[in-house]
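The values are calculated or read from the model by the stated rules, or taken from the named source; none is laboratory data. Since the model is a prediction, treat every value here as computed from it, not as a measurement. Note that each Cβ is placed from the backbone with ideal geometry, even for glycine, and that neighbours are counted across all protein chains shown. Just the protein is used for accessible areas: all its heavy atoms, side chains included, with ligands, DNA and RNA removed. Shrake-Rupley method; radii C 1.70, N 1.55, O 1.52, S 1.80 Å.
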Amino acid sequence: MGGLLLLRSHAFSAMTHSMAAQANTLNANTLAPFVDPLPVPPVARSSGMRPLPASPKTRVPYYRLAARPIDVKIHRDLSPTRMWGFAGSVPGPTLELRSGEEVLVEWVNELPQQHFLPIDYRLHGAEGNPQVRIVTHLHGGFVPPESDGWPEDWYTPGRSLTYRYPIHQEAAMLWYHDHAMGINRLNIYAGLFGAAIVRDHSEDALNLPRGKYEIPLMIFDRLITPGGQLFYPSSDKPRAPWTPEVFGDAILVNGKLFPYLEVEPRRYRFRMLNASNARFYHLSFANGLEFHQIGTDQGLLPEWLGVKKISLAPAERADVVVDFSDSRGEQIVLKDTSFNIMQFRVSANKVSDESSLPAQLRPVSKIAESEAVRTRLLTLDEYDSFTGEPVLLLLNGSYWHDPVSEKPVQNSTEIWSFINPTDDTHPIHLHAVRFQILDRQHYEPTAYQLKKEFRFLAPRVPPEPYESGWKDTVGTHSKMVTRIIVPFNCHPGRYVWHCHILEHEDNEMMRPYEIVPA
Ligand code: C2O
Ligand code: CU
Ligand code: CU
């Protein structure tokens, strides 16, 4: 790092963005809450069957999803907001997928030539390249490398890429989102994401609430100008507009600001996703109603858990069943620690509920540590500079373009140990695989930095009960070592792992990795 950079030891300068935000944005809390009904994104419709390029005798469902500008009415009292969405909606249409089937999705770029959010041309991938570039990744999908949305495989308006998704995984809520190198924080902020739900027979047999009683809740925060437009803050350096984290005070669910949902007094299943760039949510019902958490990022837990609070880092999902049967006639607010998210209006009439919430959901066998063939120690780094340059964030001291250093063997199991000396929780995501969290442990960062020596300050703590299933994103907490155990049971090839705070990801907190054939 030369002598110019200093490991960060203090929190990000929250001042810079909140000041910029104040000057240009509306205070979302001055808008009337709960005046718009919650929208539910449409289900993506296949436009027929197409032959698979590699085996033309096999025909599979084909979808065409085009990214286009759209104007979204996010609140009754605001003029429509210019966004970019797939197939005319933000979030885009929900892909309904079944385990064992295969689909083709043509991701089309029908965007204009110019971006409307502030590009930082210093960032890797943005230098000298066209402003508008997209490439779509299916987050949580175990897909072949050539369909994974490699960040440098972006393409410009007028072009498309057709991806093949063989679905060899258990029921879970995945999501698709942009992954273009150096600008995906802007493309996702603009609206380029949507849900993808994988279903399977064993989940069907549980008879969980379904149809109109199963609703995705995709939560994302934005800053809005007084004219109702998206505002993405910039640093105070015109040459380097990137800011380390962006937080908005307008919290949208499925594209509406503080919406309401009319529900019947019965069980509902909500598929919750934190689709924010950087904000973490700590969700609870204002009246203390419980969530029955049934699943995490990668599908069902072994048994449901009764919880009052659900924490979601960017890209994490929680699958919950909420029973409104004792809340007839009530209005219940879903809130974060300090603000409201949405409202549920429970009707007063009695209804029958034919759905179930079985005690046993699916077996999740714990992977023994002894199954791991190796352990990798990986640091999460933030550097301050003496020269007034922006913060630098790296994974294990390496840049994106440094040679691939993580090369797990296909079908082998490894432990990845994330060492986090910073003041932030970084949600770390690995493409193409699912994993289990082993534990977290407080350690003393200076001894490790200077001598690569571990001084642990407390015993290992197991994952929270709600993190105990299969995951694809893990909150690696400040001043802790977080260990995950990962079976690399995917197609061989190049994938990526990264921090899912999108501002970090776009500025070098992303690395390639390669699954090598056994
Ligand atoms: Cu949500 Cu690299 O992905
Ligand atoms: Cu992913
Ligand atoms: Cu990060």
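Before moving on, here are some points about what is shown:
- Nearest-0.05 FRET efficiency for GLN360 and VAL40, computed from C-beta distance (R0 22 Å): 0.15
- Straight-line reach from LYS256: taking Cα to Cα under 18 Å and skipping same-chain neighbours fewer than 8 places apart, the lysines in range are LYS73, LYS335.
- Length-normalised contact order of the chain in % [C-alpha pairs under 8 Å, at least 6 apart]: 15 percent
- Computed [θ] at 222 nm, deg cm²/dmol, the chain (DSSP H ≥ 4; -39,500 (n - 2.57); rounded to nearest 500): -1500 deg cm²/dmol
- Placing R0 at 30 angstrom, the Cβ-Cβ distance between SER325 and ASP204 gives a FRET efficiency of 0.85 after rounding to 0.05.
- Coarse-grained scattering of the range 437-483 at q = 0.21, 0.27, 0.29, 0.31 Å⁻¹, given as base-10 log I(q)/I(0) from a Debye sum over alpha-carbon atoms: -0.71, -0.97, -1.06, -1.14
- Accessible surface, per residue, of the chain when the full set of protein chains is kept, probe 1.4 Å, Å²: 38 Å²
- For the range 69-225, the Kirkwood hydrodynamic radius from C-alpha pairs, put into Stokes-Einstein at 10 °C and a viscosity of 1.306 mPa s, yields a diffusion coefficient of 94 µm² per second.
- Overall Cα dimensions of the chain - principal axes, largest extent first, Å: 69, 55, 55
- Residues with amide H under 5 Å from that of TYR513, placed H, sequence gap 5 or more: TYR495, VAL496, TRP497
- Net charge, PRO37 excluded, C-beta distance under 9 Å - Lys, Arg +1, Asp, Glu -1: -1
- Cα centroid separation, the range 57-71 to the range 466-494 (Å): 31 Å
- Farthest toward positive dipole pole in the chain [+1 Lys/Arg, -1 Asp/Glu at C-beta], among VAL307, PHE456, THR156: THR156
- Scattering profile of the range 416-518 at q = 0.12, 0.15, 0.19 Å⁻¹ [log10 I(q)/I(0), Debye over alpha-carbon scatterers]: -0.43, -0.67, -1.02
- Sulfur and carbon atoms: percent of accessible area, the chain [1.4 Å]: 53 percent
- Taking every Cα-Cα distance in the range 234-296 and sorting them into 10 Å bins starting at zero, the pair-distance distribution P(r) comes out as 14, 39, 28, 12, 7, 1 percent.
- Inter-part distance where the range 344-421 and the range 103-128 are each reduced to a Cα centre, Å: 26 Å
- Bridge orientation summary for the chain: considering DSSP beta bridges with both residues in this region, about 75 percent are antiparallel.
- Where chymotrypsin sites (Phe, Trp or Tyr not before Pro) fall in DSSP loop in the range 368-461, at most 10 other Cβ within 10 Å: PHE386
- Peptides 42-48, 349-355, 505-511 ranked from most to least packed by the mean count of surrounding Cβ atoms within 10 Å: 505-511, 42-48, 349-355.
- Label-point gap, in nm, between ALA447 and ASP236 - each point 7 angstrom along Cα→Cβ: 4.0 nm
- A simple spin-label model places pseudo-atoms 7 Å from Cα toward Cβ; at GLU101 and ALA66 they are separated by 2.4 nm.
- Only one residue of PRO358, PHE418, PHE285 has its Cα farthest out toward the positive end of the dipole of the chain, where Lys and Arg carry +1 and Asp and Glu -1 on Cβ, and that residue is PRO358.
- Assigned charges on the beta-carbon of Lys, Arg, Asp, Glu; the chain dipole about Cα centre (debye): 620 debye
- For the range 140-162, backbone nitrogen atoms closer than 12 Å to the point 7 Å from VAL404 Cα along Cα-to-C-beta are found at 145-146.
- One decimal place: the segment LEU52-SER352 gains 103.5 nm when fully extended, by the rule 0.36 nm per residue minus the C-alpha distance.
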